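Participant: Take a look at this one; I'll ask things after.
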Amino acid sequence: MSALAKRITITLLILATPFILGLLITYQVIPIEWVSFMEIQPSFRPMEAPLDLPSKSVPIEGAAYIPGAGSPTNPVMVDSSSLERGAVLYDLNCKLCHGDQGKGDGPIAKQLIRKPVDLTGADTSYLSDGEIFMLITNGVLPPVGVNGGMPALKENLSIRERWDVVNFVRSLQAK
């Protein structure tokens, strides 16, 4: 290697060293934000409610209802298997508040500020199957300034399971 080439190499190294050191130092002081697809997507934290479904989307299980199109019709036939499944699901999810016979007299009903509704009473017997399904799906919000209300069970029960509970509630009303 010639003397001139050595001088040029040494000069470039001397000039490049502060530049490289400057980049290393400023990278920590001024972090560069790289674009990542995960950062630009909407998300929710564990203490937040899940995001609503995008409009005009269809859930994996199929469409349960179409917002703005009225209450859905019951696609599940009332038979013994549906009533049995509905009874089990009612016992797990509804019985504590609404009681064995749906009268709103469950074991914890006394401790609630807003008492559970009587599922066999006149207030609920006029509701259609679809309206009961929507109440199970979305829950019942309490009035402003009042604690309580019925929780939404759309995360706990599948679409089919909610219809089975509707059929069971109808069987309680028939008694």
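Participant: Of the residues LEU112, LEU89, which single one is more than 17 Å from ALA174 (Cα to Cα), modelled with pLDDT of 90 or more and out of contact with any His (no Cβ under 7 Å at 6 or more places or on another chain)? So that I can check it myself, show each step before the final result.
Facilitator: Values: LEU112 fails: modelled with pLDDT of 90 or more.
Answer to the check: LEU89.
Participant: How many residues, within the range 76-92, are over 26 Å from ASP105 (Cα atoms) and acidic (Asp, Glu)?
Facilitator: Final tally of qualifying residues: 1.
Participant: I would also like to ask the following. Identify all residues within the range 80-117 that are small (Gly, Ala, Ser) and in a loop (DSSP other than H, G, I, E, B); write none if there are none. Before the answer, list the steps.
Facilitator: We begin by selecting, within the range 80-117, every residue small (Gly, Ala, Ser); these are 80-82, 86-87, 99, 102, 104, 106, 109.
Within the range 80-117, GLY99, GLY102, GLY104, GLY106 meet the criteria.
Participant: Does GLY70 meet the test of being surrounded by 10 or more Cβ atoms within 10 Å (Cβ to Cβ), at pLDDT below 90 and part of a loop (DSSP other than H, G, I, E, B)?
Facilitator: Criteria met by GLY70.
The values are calculated or read from the model by the stated rules, or taken from the named source; none is laboratory data. Worth saying up front: this structure is predicted, and the values here are computed from it rather than measured. Positions of Cβ are backbone-derived with ideal geometry, glycine not excepted, and every protein chain shown enters the neighbour counts.
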